């Protein structure tokens, strides 16, 4: 049966669903639900749901309930609490009493719910006096009521358990729900409170009157006829003194044990064990596992009595005490075989590692004795692990000592296993001189009888050396040649060979075995471009043709693998070889020369911008001149299209814009590079003060048409949209120069803003205002395609220049428009990180970025972070900050851990008011501490206030970077940037 604690009639409910007020109408319904075999929800979850209803009621209607005023002054001057919340609190206390106030069950509750439950228990048992944890006043034990004494006792046991549990468990998992900050935890579990608790529990052991256990029937629910809160403490269950003292001693013993005060822990554990034996009947207050108690007692005794306990325990104590008595323990274990064999093998390895490190010294023969004893134990267990030790074990006397020490305690079967092991070791000669030493031993001499010795001596191998190996003359053996196998071996060597000299030798050998072999059939991956392939195959059949094809194929293979130096070496060797031949290869020589140029261009673009510091160096100028010559060839032999395209792109990146603008636009690639070059020239000349040419805009815009239509011809006569699109992508993703990338990125950004036409999602970047402000018939274009290409281009540009703040900011805008708020927030932080020198300079106002960061934080549920960011605006948006802070229900950030980042006193005053209204006193206290700082005094001069705000801005942004950027493994461009955030 499901228990539904939400508001009634909010959704259609099942007939089996129990509403929260039904527990009030039927007093026996709660007990009936709790006594089920597997109640759903379980008791601990039921308490949580009750308190969730209380919190929701106070949050939504803090002063009224069902339209009526509930905070009414009574005759005695006290404020009457809400009837609904009071009833739910009593229901929660009844569930706690049903659980026998078990601290393990209470730990499953959210931490705030645990505190609320204990505060309510002390409130109702202490004449309705409000108590705030941890500020619990000390009470005179003689005058306090027994129910209140029980509540105090439960609180101090809980505080002691919580302080210990916070150390031994993970902070995120030990409270079930992470609803407490580190600061609150430190306040509750501070040393002062812990000492008070220890003193209270210690004094409780001497109480004359033991408080009774509050039971389920002690708590009475208000009814429709009587809304007074009454309790029947007479129905409390009597608690035996032995049971009471046993549990308190156990709690104190565990606490002292984890504080490493083992003498005090031993004292309390021993007293607990003694009292446990005298408890006639346990009524539920004593909750101790006897086996766990025995383990604690043994742990506290340490090495005081090594002869007691199991052999495994003695082994562990011996290891702690510098291996004292370890030999005796292992000898006993060889007879009893109680210690698991893995423990003994680990002992041997640990000791060996300690000795090899040089920081530990023992008796010289201790290691050999432990090895020998482990060998015997492995033999008796029929485990093969002893072979690993035997391979390095050469001390015969120690092995005989290990056997002899326990021989008389072995059974007949065990002696037979040892005997078999000795015979096998002698036959394999694993251990030298084992047979004579066994025979000479007074106690083990009878192990091997005459038949065994005869068998061993008769089993020694006799080797006969053939006469042919003794003769000095060399015997010649005729080998039969296998040409096919040799040919396959040479072909395999040719495929893997990367040395031109070896390639020549292999080609000559292949021609000698089979002159008709065509090298282009050897490896199907060796495919040359059609112009090269046709020229090579037109050469006369012979070595030059084969060598040319192989060298060109291997050069292309290494070029695709980005091994540019090896690829270039193959082409240079081929060029030199062709120059020395006496056949006509002029056409092939020109093609090889252009292939060398292609490799050089590819290497330059691949290593950009690492090796390109200055575009006017001799190397770059020489390469640019070669590209210009290649594009102006009027010979019958023209370069391949790939070479031509790479030359145009290389000139574009190297800034030879004037040449590209005047170049004959016979190919679509020339048209694209020419228009980009024109825009780059205008942009660098006018510094962004003049509108850019529309040629590139008119060329790119038709590509994004929603339906494929025949576009108008441009100035060069290109009208195939699909061909233009493919060439655009090829050119765009080969751009390396920042001017070129800025032109393309700003153009695509402007297109996206026009086609998307949403001011809330507008992208901002440099130079976007220099492009046309409108597009005719904008609905016929696809903004999604523009968005995808822009995202790819910006991502590609940031791989080349990862510290470009403007592009990082734009990437944040793109992800924001796409609804990826966490990624967008991370991109904005990266842009701020780069532009403000890792937040070492004051943060400049940028309302566009900060408002979008606020939107990202609120969408992600990080309301406190969003409120802090409201201060970053040029004029603090108080209405937005107050709305964010007041609407937060579930917050995914650290809440009050960010309060030290507030410097605006108006927001801090609102926080204090809000927490006071909700009864969140710890957070209110934290906000009061922040607003009381001297540097936030409104009377300070502007310089101090500005310094305080700048310090908090940088602290807050660094914290966000640690949370979002370092956690996402952001690829920093320099190691120093990563180290900056790793500093304490």
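Before moving on, here are some points about what is shown:
- Each residue in region 46-81 was checked for being at pLDDT 70 or above and either in the same structural domain as residue 916 (by TED's automatic domain parsing) or surrounded by 15 or more Cβ atoms within 10 Å (Cβ to Cβ) (or both), and 12 of them qualify.
- Within region 828-847, the presence of at least one residue that is on the phi > 0 side of the Ramachandran plot, surrounded by fewer than 15 Cβ atoms within 10 Å (Cβ to Cβ) and modelled with pLDDT under 90 is confirmed.
- Per-region count, region 566-587, residues surrounded by fewer than 16 Cβ atoms within 10 Å (Cβ to Cβ) and free of Cβ contacts under 8 Å to residues at least 24 places away in the same chain: 6
- Residue match in region 210-231 (condition: part of a helix (DSSP H, G or I), within 30 Å of residue 83 (Cα to Cα) and touching a residue at least 40 places away in the same chain (Cβ under 8 Å)): yes
- Which numbered condition residue 620 misses (of (1) modelled with pLDDT under 85; (2) within 24 Å of residue 765 (Cβ to Cβ); (3) assigned to a helix (DSSP H, G or I)): (2)
- Qualifying residue in region 328-349 (condition: at pLDDT below 80 and either over 38 Å from the mean Cα position of the chain (by Cα) or surrounded by 13 or more Cβ atoms within 10 Å (Cβ to Cβ) (or both)): no
Residue-wise test of (1) at pLDDT 90 or above; (2) closer than 19 Å to residue 594 by Cα; (3) crowded, with 17+ Cβ neighbours inside 10 Å.
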{"position": "635", "(1), (2), (3)": "no, yes, no"}
{"position": "646", "(1), (2), (3)": "yes, yes, yes"}
{"position": "652", "(1), (2), (3)": "yes, yes, yes"}
{"position": "655", "(1), (2), (3)": "no, no, yes"}
{"position": "666", "(1), (2), (3)": "no, no, no"}
{"position": "670", "(1), (2), (3)": "no, yes, yes"}
{"position": "675", "(1), (2), (3)": "yes, no, yes"}
{"position": "680", "(1), (2), (3)": "yes, no, yes"}
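- Residue check for residue 780: surrounded by 17 or more Cβ atoms within 10 Å (Cβ to Cβ), farther than 21 Å from residue 671 by Cα and at pLDDT below 90: no
- Set 198, 254: member being at pLDDT 85 or above, in the same structural domain as residue 296 (by TED's automatic domain parsing), more than 27 Å from residue 91 (Cα to Cα) and under 47 Å from the mean Cα position of the chain (by Cα): 254
- Meets criteria (assigned by TED's automatic domain parsing to the domain that holds residue 104, assigned to a helix (DSSP H, G or I) and in contact (Cβ under 8 Å) with a residue 60 or more places away in the chain) for residue 150: yes
- For the criterion of being at pLDDT below 90 and surrounded by 19 or more Cβ atoms within 10 Å (Cβ to Cβ), residue 552 fails.
- Among the residues making up region 252-277, those that are in contact (Cβ under 8 Å) with a residue 60 or more places away in the chain and crowded, with 21+ Cβ neighbours inside 10 Å are 252, 254, 255.
- Check on residue 794, in contact with a helix residue (DSSP H, G or I) (Cβ under 7 Å, 6 or more places away or on another chain) and assigned by TED's automatic domain parsing to the domain that holds residue 751: yes
The values are calculated or read from the model by the stated rules, or taken from the named source; none is laboratory data. These numbers were taken from a predicted model, which means no experiment stands behind them. Positions of Cβ are generated from backbone atoms using ideal geometry, with glycine treated the same way; all protein chains shown enter the neighbour counts.
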